[in-house]
1. In region 202-225, what residues are touching an Asp or Glu at 6+ places or on another chain (Cβ under 6 Å), among the aliphatic types (A, V, I, L, M) and touching a residue at least 12 places away in the same chain (Cβ under 8 Å)?
2. Taking the criterion of being free of Cβ contacts under 8 Å to residues at least 24 places away in the same chain, open to solvent by 60 Å² or more (accessible area, probe 1.4 Å), within 30 Å of V173 (Cβ to Cβ) and out of contact with any helix residue (DSSP H, G or I) (no Cβ under 6 Å at 6 or more places or on another chain), would at least one residue in region 78-94 satisfy it?
3. Can you find a residue in region 154-167 that is open to solvent by 50 Å² or more (accessible area, probe 1.4 Å) and either at pLDDT 95 or above or closer than 23 Å to I243 by Cβ (or both)?
4. In this structure, is A228 in contact (Cβ under 8 Å) with a residue 60 or more places away in the chain, farther than 21 Å from L250 by Cα and surrounded by fewer than 18 Cβ atoms within 10 Å (Cβ to Cβ)?
5. Any idea which residue in region 133-147 is least open to solvent (accessible area, probe 1.4 Å), counting only those that are among the β-branched types (V, I, T), touching a strand residue (DSSP E or B) at 6+ places or on another chain (Cβ under 7 Å) and not in a helix (DSSP H, G or I)?
6. Could you run through region 186-202 and say how many residues are surrounded by fewer than 15 Cβ atoms within 10 Å (Cβ to Cβ) and among the hydrophobic types (A, V, I, L, M, F, W, C)?
7. Of everything in region 37-96, what is assigned to a loop (DSSP other than H, G, I, E, B), of a type in the set (K, R) and modelled with pLDDT of 50 or more? Give them in sequence order.
8. Among the listed residues P187, P120, P160, identify the single one that is farther than 17 Å from R220 by Cβ and in contact with an Asp or Glu (Cβ under 9 Å, 6 or more places away or on another chain).
Amino acid sequence: MNTDSAAPRGAGRAPHPFAGPRPTTGGTGRRTLLRTALTGVAALGAGLGAAGPAAAAPGRETHVRPGTPDEAWNELAAGNRRWRAFRERHPHENPALRRELATGQHPFAVVLGCIDSRVPPELVFDQGLGDLMTVRTAGEVLDEAVLGSVAYGVLELGIPLVVVLGHQSCGAVRAAVEAEQTGQRLPAHMQYLVDRIRPAIDHRREGDARIDATVSANVRLVRSRLAAEPELAAKADAGRLAIVGARYELTTQTVHRLA
């Protein structure tokens, strides 16, 4: 697999709201409340755990969390190899782990992928409960909610890897290319999506080749935007985070990193 390096951050970029100083009064309580709600550390979670089976089966699978960016990517790559060889393990679904996850979560990767029904990250990477924090939008389009979700995973849960996962034959990318060619506006909120993808359109190619090239270009554009977020960039610079771009090929079921 190819390696990916962090994109240079744009000079003079206005600070993102996430980059501001942490509040010294009042903010701690709000952050603790958010962390508690999203990780599931609450009485309700404990109650759900108590309602599960009384005991785990002997020799239950262990749930070892990758701790570095390289370890996290290697785990995803191994899972994708199992997926495309039809040797899926469907890990981390046993009763004991379900009870454990009722009181907290420790995912090892954030996957920002497309909404396409053929590319569910937990399946194509053969991962289970508590392994991945997934964010899915058409064409991997970023907005404030997506940025906040990715930032939460990295800054609050300490996730060491963010993967921007595009895929072959992306309908959102095709729509953006065709809308540019025809000048037609899409209905409802879909125009927002194509407007966000439009800067990635590869005009050096024509027809289906343009669409395919734009899939990869769009992944790289989204990855660079994430890498330019100051607090994420600081983690990456310290070696505690990798933000990588990747593609899933529908015809081979292979995920490969983009340089």
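1. A217, V222
2. yes
3. Of all residues in region 154-167, those open to solvent by 50 Å² or more (accessible area, probe 1.4 Å) come to none.
For region 154-167, residues open to solvent by 50 Å² or more (accessible area, probe 1.4 Å) and either at pLDDT 95 or above or closer than 23 Å to I243 by Cβ (or both): absent.
4. Numbers: in contact (Cβ under 8 Å) with a residue 60 or more places away in the chain: yes; farther than 21 Å from L250 by Cα: yes; surrounded by fewer than 18 Cβ atoms within 10 Å (Cβ to Cβ): yes.
So A228 passes the test.
5. So the residue we want is V135.
6. Qualifying residue count, region 186-202: 1.
7. Restricting attention to region 37-96, the residues satisfying the condition of being assigned to a loop (DSSP other than H, G, I, E, B) are 40-42, 51-68, 85-94.
From the residues that got through so far, the ones that are of a type in the set (K, R) too are 60, 65, 87, 89.
Result: R65, R87, R89.
8. Details: P187 fails: in contact with an Asp or Glu (Cβ under 9 Å, 6 or more places away or on another chain); P120 fails: in contact with an Asp or Glu (Cβ under 9 Å, 6 or more places away or on another chain).
Exactly one residue qualifies, and that residue is P160.
The values are calculated or read from the model by the stated rules, or taken from the named source; none is laboratory data. Just so we're clear, the structure is a prediction, and the values are computed from it rather than from any experiment. Counting neighbours? That spans all protein chains shown, and the Cβs are built from the backbone with ideal geometry, glycine included. These area figures cover heavy atoms from the full protein model, side chains too; ligands, DNA and RNA do not enter into them. Shrake-Rupley method; radii C 1.70, N 1.55, O 1.52, S 1.80 Å.
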